[in-house]
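Working notes for the structure below.
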Amino acid sequence: MSEQSKTSIRAGAVLAALIVALPGSFAAAQEIAFERYTLDNGLTVILHEDHRLPRVAVNLWYYVGSKDEPKGRSGFAHLFEHLMFMGTKNVPIGQFDNIMEGAGGSNNATTSSDRTNYFESGPRELLELFLFLEADRMTGLSRAMTLEKLNTQRGVVRNERRQSYENRPYGQLWLEVPALIYPAGHPYHHPVIGSHTDLENAAVSDVIDFFDGFYFPANASLAIAGDFDPGEARALVEKYFGSIPRREKITREKPAPPTIEGVLRKTLTDAVELPLACFVWHSPPFYSEGDADMDIIANALAGGKSSRLYRRLVYDKKLAQDVSAYQSSSLLGSKFIIRVFALPGADTKENLERLGTIEKEVDAVVAELQGTGVTGREIGRARNSMEFAFWSDLESLEEKADLLNRYLFHFGNPGAVERDLGRYSKITAESTSSWAKKILKPNERLILHVLPEEKKGGKQ
């Protein structure tokens, strides 16, 4: 063997070792320092100092999402994400954003099935303004609610449903999935965006009742991150939030874990170019046992061009243009999703045949993983990728404030970085094999096909 060959082999071995290497001590060495306390009215406050830049971020979580909506009121949690910017008696209608942006700050909000959060960031001098505005709408929104405000924002939300789901390529898929895999009466049975009928039928009294039922201190947590004096921050929080009346925490019943009996199938048509095969399974809830394993499994199956499904379906079989897989984690249960965008056929018949072939190939790849588990190299690649993304995100004050709230919500402890990332250090080939067998059962899943609309003459 030539010296060049030997050198090449040694270099290859070193490279392989580096790729496989797992950053086991990395998570343990990282922390997000914080102070946590609770006001007399039940509001949990989390303070994180970061003096690298003269900036501050405020993040307020309300423990209400689409899962909390009563029957006939779907979409209310997301509707409130919009209504909360419509003003109070102290802030005229339409002026919340103007006040914020005029002072040099920015703000936004998001809604999920489990929570709604509102957040602001900007120069450190704006901390008092941020806290005043958030406390003001916690107390004053319902008293200032009008039919005009409701009509404006329900129109915005209904248009968002059209743009993001009904008229968006493959968007109908995500309106169908919840109703198909969760039984009627389950908190996740309807999509976060809600239905047109429920939004249209909402009255001002319904909105006020929903606000009064969920928007109060004991059903929320406030995180502040950035360049501030903790004593001054505590004083400002007390000044603006301390006088809000106390209410007892909400007691919620936990539903039974959902199941899929047999194989559910549905075919949709849409104005798309590529046929789509979507496979959905029920999977472990957020941060519960198995949740991290499913993250790793998803990465091994479709995490980049070297992943198992991408190699099989795109490179080897030339059946697909793209593949994705992910664990969509939520509080009461998660979804494990595989999506395959197939290369288009000449007509609907050919597309259906191709999607059928893809299903067999997906099942074969999943069966291989169930048998052997995820390799050490795949685990290392996935962990490295996720930890890099995790710490890159936390360079942002906004992300740190949100993460502190998320950990409090799920773990009861904002300082759960090590617990979170440490889950991935326990993953082995054996554990991934076990969870893949337990979750990715071929006879307990939803299979959805999205076909391109037929054009005149039967062609697509």
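The values are calculated or read from the model by the stated rules, or taken from the named source; none is laboratory data. What you see is a predicted model, and the numbers here were worked out from it, not measured in a lab. Positions of Cβ are backbone-derived with ideal geometry, glycine not excepted, and every protein chain shown enters the neighbour counts.
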- [ ] Restricting attention to region 200-235, report how many residues are within 23 Å of the chain's Cα centre (by Cα), within 21 Å of Phe85 (Cα to Cα) and of a type outside the set (Phe, Trp, Tyr).
- [x] 6
- [ ] Output the residues belonging to region 297-338 that are within 17 Å of the chain's Cα centre (by Cα) and within 20 Å of Ala364 (Cβ to Cβ).
- [x] Ala298, Asn299, Ser324, Ala325, Phe336, Ile337, Ile338
- [ ] Inspect region 382-394 for any residue being surrounded by fewer than 17 Cβ atoms within 10 Å (Cβ to Cβ), within 28 Å of Leu319 (Cβ to Cβ) and within 19 Å of the chain's Cα centre (by Cα) and give the result as yes or no.
- [x] yes
TODO: Would you point out which residue out of Ala233, Ala179 is closer than 30 Å to Thr259 by Cα and of a type in the set (A, V, I, L, M, F, W, C)?
DONE: Ala179
Task: Hits in region 213-246 - residues which are part of a loop (DSSP other than H, G, I, E, B) and touching an Asp or Glu at 6+ places or on another chain (Cβ under 9 Å) - done: Asp227, Phe228, Asp229, Gly242, Arg246
TODO: Would you list the helices (runs of 4 or more DSSP H) that sit entirely within region 357-460 and hold 1 or more residues that are of a type in the set (D, E, K, R), over 30 Å from Gly345 (Cα atoms) and touching a strand residue (DSSP E or B) at 6+ places or on another chain (Cβ under 6 Å)?
DONE: 397-411
Open item on the list: On the basis of being out of contact with any Pro (no Cβ under 6 Å at 6 or more places or on another chain), assigned to a helix (DSSP H, G or I), of a type in the set (A, V, I, L, M) and closer than 30 Å to Pro452 by Cα, does Leu173 make the cut?
Closed with: yes
Open item on the list: Quick test of your reading of the structure: Glu289 fulfils all but one of (1) part of a loop (DSSP other than H, G, I, E, B); (2) free of Cβ contacts under 8 Å to residues at least 40 places away in the same chain; (3) closer than 30 Å to Thr146 by Cβ; (4) not basic (Lys, Arg). Name the failing condition by number.
Closed with: (3)
TODO: Report yes if Phe210 is buried (at least 17 other Cβ atoms within 10 Å of the Cβ) and assigned to a loop (DSSP other than H, G, I, E, B), otherwise no.
DONE: no
Open item on the list: Taking the criterion of being buried (at least 17 other Cβ atoms within 10 Å of the Cβ), β-branched (Val, Ile, Thr) and in contact with a Leu (Cβ under 7 Å, 6 or more places away or on another chain), would at least one residue in region 227-239 satisfy it?
Closed with: yes
Task: Residue count, region 181-207 (criterion: part of a helix (DSSP H, G or I), touching a helix residue (DSSP H, G or I) at 6+ places or on another chain (Cβ under 9 Å) and not aliphatic (A, V, I, L, M)) - done: 4
TODO: Within region 31-60, track down each residue that is assigned to a loop (DSSP other than H, G, I, E, B) and among the polar types (S, T, N, Q).
DONE: Asn41
- [ ] Test Glu253 against the criterion of being assigned to a loop (DSSP other than H, G, I, E, B), outside the structural domain of Trp174 (by TED's automatic domain parsing) and without any contact (Cβ under 8 Å) to a residue 60 or more places away in the chain, and give yes or no.
- [x] yes
TODO: Output the residues belonging to region 93-115 that are aliphatic (A, V, I, L, M) and over 28 Å from the mean Cα position of the chain (by Cα).
DONE: Ile93, Ile99, Ala103
- [ ] Please go through region 414-441 and pick out each residue that is among the hydroxyl-bearing types (Ser, Thr, Tyr), buried (at least 19 other Cβ atoms within 10 Å of the Cβ) and in contact with a Lys or Arg (Cβ under 9 Å, 6 or more places away or on another chain).
- [x] Tyr424
Open item on the list: Please go through region 71-83 and give me each residue that is within 18 Å of Ser142 (Cα to Cα) and in a loop (DSSP other than H, G, I, E, B), ordered by number.
Closed with: Arg73, Gly75
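Listed here are the residues, each with its yes/no results for (1) small (Gly, Ala, Ser); (2) touching a residue at least 40 places away in the same chain (Cβ under 8 Å).
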residue: Asn59; (1), (2): no, yes
residue: Gly65; (1), (2): yes, yes
residue: Gly87; (1), (2): yes, yes
residue: Asn90; (1), (2): no, yes
residue: Glu101; (1), (2): no, no
residue: Ser121; (1), (2): yes, yes
